[in-house]
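In what follows, a single structure is set out as structure tokens and then discussed.
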Amino acid sequence: MKPILSCRNVIVDFSGFKALQGVDLDVQNGEVLFLIGPNGAGKTTLLDVICGKTKSTAGEIIFDDKISLTKLPEQKIVHEGIARKFQAPSIFIHLTSFENLEIAMKQQKNLVSILFAKMTNRQRDKIEAVLKKIGLYDVRDEKAGSLSHGQKQWLEIGMQLIQEPKLLLLDEPIAGMSGEERTKTGELIQEISRDCSVLVVEHDMDFVRTFSTLVIVMHEGKVLCEGTMAEIQENEEVKNVYLGRSG
Ligand SMILES: Nc1ncnc2c1ncn2[C@@H]1O[C@H](COP(=O)(O)OP(=O)(O)OP(=O)(O)O)[C@@H](O)[C@H]1O
């Protein structure tokens, strides 16, 4: 089976500083792939270049076997089926979780027309299914501003899922979460992967250990190695550059 995403020799040069120095990486269909590595390794830059926020200097990124992403604008990449949850909040705190998902579903329209337009049963079902998936169905009519930190993050993920992406990019999804919220987030990521591949940048090794199948280690703008967490922990190069230092 062809990978959903294929990066080949991707280079990003920021005015002479190469944040990515030739990244080769595949994400398979239905896979949760964890990306780890020390600070400055290029993990966020890689997500930025996949979603079009940053343009690559060289290399190729192929999505869904045929779409070259490197020259596409961000909005077109979203349209092709790549969703990115940013760390900066994008929810409307004065609207309910339901309404936030409604807006995300009809992103192309303006806020007023969205809230007054009649919703079809199919659209309502879709929003309710996402609310159930992200664990917010019971609080769907509460203002998003009153949700816990974890619930807000899940709502953000839901706002991406409602677009039915084929690949979801997550950057440190459990930052600031309680232990229970972390577990729920790990379970949510696993559930999401039934319909959508997920590429997760994460620093929390306990979380990666618990929820990963395949892990990729980045270092100095390149992929250092890939494998299961157990394999990676035994890798001498990884011990030197990363795990050896941070535990
Ligand atoms: N716009 C930019 N201009 C210049 N240098 C940049 C820019 N964005 C990132 N960098 C540099 O590129 C390198 C890789 O940064 P990046 O944020 O991708 O690393 P990271 O692996 O995500 O690190 P962290 O785990 O700390 O978030 C860093 O040295 C960073 O300072």
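The values are calculated or read from the model by the stated rules, or taken from the named source; none is laboratory data. These numbers come from a predicted model, not from an experiment. Here Cβ is always computed from backbone atoms with ideal geometry, including for glycine, and neighbour counts include all displayed protein chains.
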*Hey, does the range 176-185 have a residue that's more than 16 Å from the ligand (Cβ to nearest atom) and closer than 17 Å to residue 215 by Cα?*
no
*asked:* So, restricting to strands (runs of 3 or more DSSP E) that lie completely within the range 182-247, which ones have at least 3 residues that are out of contact with any Phe, Trp or Tyr (no Cβ under 9 Å at 6 or more places or on another chain)?
replied: 222-227
*asked:* Looking only at the range 33-54, how many residues end up being in contact with a Ser or Thr (Cβ under 7 Å, 6 or more places away or on another chain) and either buried (at least 24 other Cβ atoms within 10 Å of the Cβ) or not β-branched (Val, Ile, Thr) (or both)?
replied: 3
*Of everything in the range 199-244 that's more than 12 Å from the ligand (Cβ to nearest atom) and among the small types (Gly, Ala, Ser), which residue is surrounded by the fewest Cβ atoms within 10 Å (Cβ to Cβ)?*
230
*Residues that are assigned by TED's automatic domain parsing to the domain that holds residue 32 and of a type outside the set (A, V, I, L, M, F, W, C): which helices (runs of 4 or more DSSP H) entirely in the range 74-180 hold 1 or more of them?*
74-80
*When you look at residue 54, is it more than 16 Å from the ligand (Cβ to nearest atom) and among the hydroxyl-bearing types (Ser, Thr, Tyr), yes or no?*
no
*Among residues of the range 1-22, those that are part of a strand (DSSP E or B) and either among the small types (Gly, Ala, Ser) or within 11 Å of the ligand (Cβ to nearest atom) (or both), counted*: 10
